[in-house]
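One structure below.
We did not get these values from a lab; they are worked out from the coordinates using the rules stated. As the structure is a computational prediction, the values presented were derived from the model and not from experiment. No Cβ is skipped: glycine too gets one built from the backbone with ideal geometry, and neighbour counts run over all protein chains shown.
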Amino acid sequence: MNENPLYPQATAQINEKRVELAPENMEAWRTFSRQTYKAGKLSEQTKQLIAIAVAHVTQCPYCIRSHTRQALRKGVTKQEIMEAIWVAAEMRAGAAVAHSAISIDEMEHDS
């Protein structure tokens with residue numbers, strides 16, 4: 001059940017509509033996605049952990065669910081997932097601190 005009307009439930013019908021409206025784009029997207037998450041220099045597990053962290057920073061509820069599910073299927077532990085989320089939280093907070101340099105610079109020029 002979808003408790004948040006802002007984000008409709010991800011359904012096969014919505015995906016079919018995407019394909020209907022832009023079939024070539026969807027095929028390109030699927031190819032790109034499959035290639036991106038294939039094991040290479042980074043394992044599939046590591047790539048899923050990166051995706052989980054990024055999904056939390058970008059705040060994409062669909063991505064959070066999807067990549068958490070994929071990570072678990074790839075053998076990633078719940079503890080590893082939570083650790084990746086904490087890294088994301090630190091990076092998001094760190095960005096706010098780092099960007100304070102812009103405000104400090106502006107305040108220095110304002111005086």
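Things worth noting here:
- Pair list, Cβ under 6 Å, 6 or more apart: the range 52-68 residue in contact (Cβ under 8 Å) with a residue 24 or more places away in the chain, other residue exposed (fewer than 15 other Cβ atoms within 10 Å of the Cβ) and small (Gly, Ala, Ser): 62/10
- Tally of residues being within 14 Å of the chain's Cα centre (by Cα) and in a helix (DSSP H, G or I) across the range 38-81: 25
- Whichever residue in the range 55-107 is of a type in the set (Val, Ile, Thr) and under 26 Å from residue 6 (Cα atoms) and, among such residues, is surrounded by the most Cβ atoms within 10 Å (Cβ to Cβ): 68
- Residues satisfying the stated conditions in the range 26-43, i.e. surrounded by fewer than 11 Cβ atoms within 10 Å (Cβ to Cβ) and of a type in the set (Ser, Thr, Tyr): 31, 33, 36
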